Amino acid sequence: MSTSAAFGLSVTPRDHTSVNCEIPRRMEVVRYGPQKLTQAAPASPRFDGVIGSSGPLTRVLEKVIRVAPTDATVLITGESGTGKELTARAIHERSPRAGRPFIRVNCAAIPQSLIASELFGYERGAFTGAAQRHLGRFERADRGTIFLDEIGDIPAETQVALLRVLQEREFERVGGTCPVPVDVRVLAATNCDLRAAVAAGKFRADLYYRLNVFPIHMPALRDRTDDIPSLVDHLIACCAAKIGKNVTCVDDASLDRLVTYDWPGNIRELQNVLERAVILCEGETARVEEEWLGSDEAVPPSSESHGLSASLMSRERELIEAALEKSMGRIAGPNGAAGLLGIPRSTLESRIKCLQIDKFRYKSSADCFVVPSR
């Protein structure tokens, strides 16, 4: 059985005179946002949202088939919008844990001060406002799968706790002292170069090697252009069903534009462009305008506003660095940099990260300062 057949996919050459959305018909369930397009295919295994038969995609599906039945940790890499979460779900749904929870965590969306309590939970009284015990994402994923998206954004102290989970299959809740055993499969994803982060000292090497047991790299859409006609047919059908229009295809000129475009936003960008085309379409054949590709149609900032923005960011950096120097690298507390600036700690942490300020430089210089004895 071929890889495509194993996932219930059937890709046929595109008929420009009569659009035949064969793939959606062969799939058991196709998700598009809150909508579900169901078509009878009881013999086809479920593999939501995967469309295409190009060489790069086929190689990914072959890896999914091989690793899914195991309990190996998987690190999924690739640009934003290439389908890393879909691949993680496919691994879970074809594993022995398929009937158990699949818990997704966007590590980049959680403030660094809260990520430990979100992942591992906390005990009653662990901090102000902790009125009762809270179960973290790992406990809720017990006997199932946890998907750590944007794994490269977790702070150093949380990396240590995550390493312990991978090595010893246990953790401690925030404010707790007793280890909590957990049986969970870890899938992780990133669009960053973790090897470079390790070399720069921003990501633990031992954690990287624990995560990188079985790597899967998602190809960019520009590297699988053979799949674009099939993706277009599928996404047009889904957009039309979602919006309630009888749009069946794009014209030939639009398809040529879509195939030759570079797609920096990958499938997510393609989906947005086609949704716009369906909304504006007044018949059955949609059109994609050339100016839609490579432009967000926003008014470009003037040179004056750009200069003002750069000046404000420079001033902000100066203020934060001055506060860090005065507080000797401390962020929180009455004499910390956040208190000196009059802003919440989480806000300061976010601005330090955004401006790429090395807060440890001030802390290390303070630690190394020794008053000579007389």
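The values are calculated or read from the model by the stated rules, or taken from the named source; none is laboratory data. All of these numbers come straight from a predicted model, not from anything done at the bench. FYI the Cβ positions are ideal-geometry reconstructions off the backbone, even for glycines, and counts take in every protein chain you see.
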Scope the range 259-272; condition under 16 Å from Leu57 (Cβ atoms) and not in a helix (DSSP H, G or I); matching residues: Trp263
Matching option when the condition is without any contact (Cβ under 8 Å) to a residue 60 or more places away in the chain and either among the hydrophobic types (A, V, I, L, M, F, W, C) or in the same structural domain as Gly136 (by TED's automatic domain parsing) (or both), among Cys238, Cys192, Cys249: Cys192
Filtered residue count, the range 80-91, keeping only those that are surrounded by fewer than 21 Cβ atoms within 10 Å (Cβ to Cβ) and in contact (Cβ under 8 Å) with a residue 60 or more places away in the chain: 3
Residues satisfying the stated conditions in the range 210-239, i.e. closer than 16 Å to Leu148 by Cβ and surrounded by fewer than 19 Cβ atoms within 10 Å (Cβ to Cβ): Arg210, Asn212, Val213, Phe214, Pro215
Qualifying residues in the range 320-374 (those that are buried (at least 16 other Cβ atoms within 10 Å of the Cβ), part of a helix (DSSP H, G or I) and within 28 Å of the chain's Cα centre (by Cα)) - the one modelled with the lowest pLDDT: Arg345
Filter result (assigned to a loop (DSSP other than H, G, I, E, B) and buried (at least 18 other Cβ atoms within 10 Å of the Cβ)) within the range 180-193: Val182, Val184
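Taking the conditions exactly as written (part of a helix (DSSP H, G or I) and either surrounded by fewer than 16 Cβ atoms within 10 Å (Cβ to Cβ) or within 28 Å of the chain's Cα centre (by Cα) (or both)), does Asp256 satisfy them or not?
Values: part of a helix (DSSP H, G or I): yes; either surrounded by fewer than 16 Cβ atoms within 10 Å (Cβ to Cβ) or within 28 Å of the chain's Cα centre (by Cα) (or both): yes.
Spelling it out, Asp256 is indeed part of a helix (DSSP H, G or I) and either surrounded by fewer than 16 Cβ atoms within 10 Å (Cβ to Cβ) or within 28 Å of the chain's Cα centre (by Cα) (or both).
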Qualifying positions in the range 74-107 - charged (D, E, K, R) and more than 29 Å from Ser350 (Cβ to Cβ): Arg89, Glu93, Arg94, Arg97, Arg100
Evaluation of Leu308 against (1) within 23 Å of Leu86 (Cβ to Cβ); (2) at pLDDT below 90 (one fails), failing number: (1)
Candidate set from the range 94-128 (those that are touching a residue at least 24 places away in the same chain (Cβ under 8 Å) and among the polar types (S, T, N, Q)); member that is surrounded by the fewest Cβ atoms within 10 Å (Cβ to Cβ): Asn106
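Could you tell me which of the residues Phe203, Phe147 is out of contact with any Cys (no Cβ under 6 Å at 6 or more places or on another chain), farther than 18 Å from Glu123 by Cα and part of a loop (DSSP other than H, G, I, E, B)?
Going through Phe203, Phe147 in turn, just one is out of contact with any Cys (no Cβ under 6 Å at 6 or more places or on another chain), farther than 18 Å from Glu123 by Cα and part of a loop (DSSP other than H, G, I, E, B): Phe203.
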Among residues of the range 259-283, those that are among the aliphatic types (A, V, I, L, M) and under 17 Å from the mean Cα position of the chain (by Cα), counted: 1
Index of the failed condition, Thr177 passing every other in (1) buried (at least 20 other Cβ atoms within 10 Å of the Cβ); (2) β-branched (Val, Ile, Thr); (3) not in a helix (DSSP H, G or I): (1)
